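Each value in this text was obtained by applying a stated rule to the coordinates, not by laboratory testing. Owing to the predicted nature of the structure, the values given are computational and were not obtained by experimental measurement. Here Cβ is always computed from backbone atoms with ideal geometry, including for glycine, and neighbour counts include all displayed protein chains.
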Amino acid sequence: MLQVATGLVFVDYSNVKQSIWSDPSMDLVLSALVSSDFDALDVAQQLTDAGFTGKYRAVAKSLPNPAAVKAEVSWIAPQLDFDIFILDQLSPDAS
């Protein structure tokens, strides 16, 4: 776990579960929707296994069907508060 700023830490995917156990006050997890090592389903499963009760947000540049991804995450982690930040939709230059 790397302390980046007060209240903000960077955690490698392989240490997600351990990080949740070591800091149960963690209330928000932010990750890429898809990376070379994991995807949001993997992270959601790790968070669920660790008993995480906060919010999980995944980030994607664009996504044609966010509802399908949300449904998949909900299927494996129904109690998880999950949503997706789609950067193309957040940008003021988005068309």
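For this structure, a couple of remarks:
- Qualifying residue in the range 38-45 (condition: exposed (fewer than 12 other Cβ atoms within 10 Å of the Cβ) and of a type outside the set (Val, Ile, Thr)): no
- If you go through the range 46-69 and pick out every residue that is over 21 Å from residue 24 (Cα atoms) and either within 10 Å of the chain's Cα centre (by Cα) or surrounded by fewer than 16 Cβ atoms within 10 Å (Cβ to Cβ) (or both), you end up with 7.
- Of the residues contained in the range 76-87, none is found to be touching a strand residue (DSSP E or B) at 6+ places or on another chain (Cβ under 9 Å), surrounded by fewer than 13 Cβ atoms within 10 Å (Cβ to Cβ), touching a residue at least 24 places away in the same chain (Cβ under 8 Å) and among the polar types (S, T, N, Q).
- Test: residue in the range 8-15 that is under 22 Å from residue 75 (Cβ atoms) and either surrounded by 18 or more Cβ atoms within 10 Å (Cβ to Cβ) or of a type in the set (Lys, Arg) (or both): no
- From 31, 19, residue being under 13 Å from residue 80 (Cβ atoms) and among the hydroxyl-bearing types (Ser, Thr, Tyr): 31
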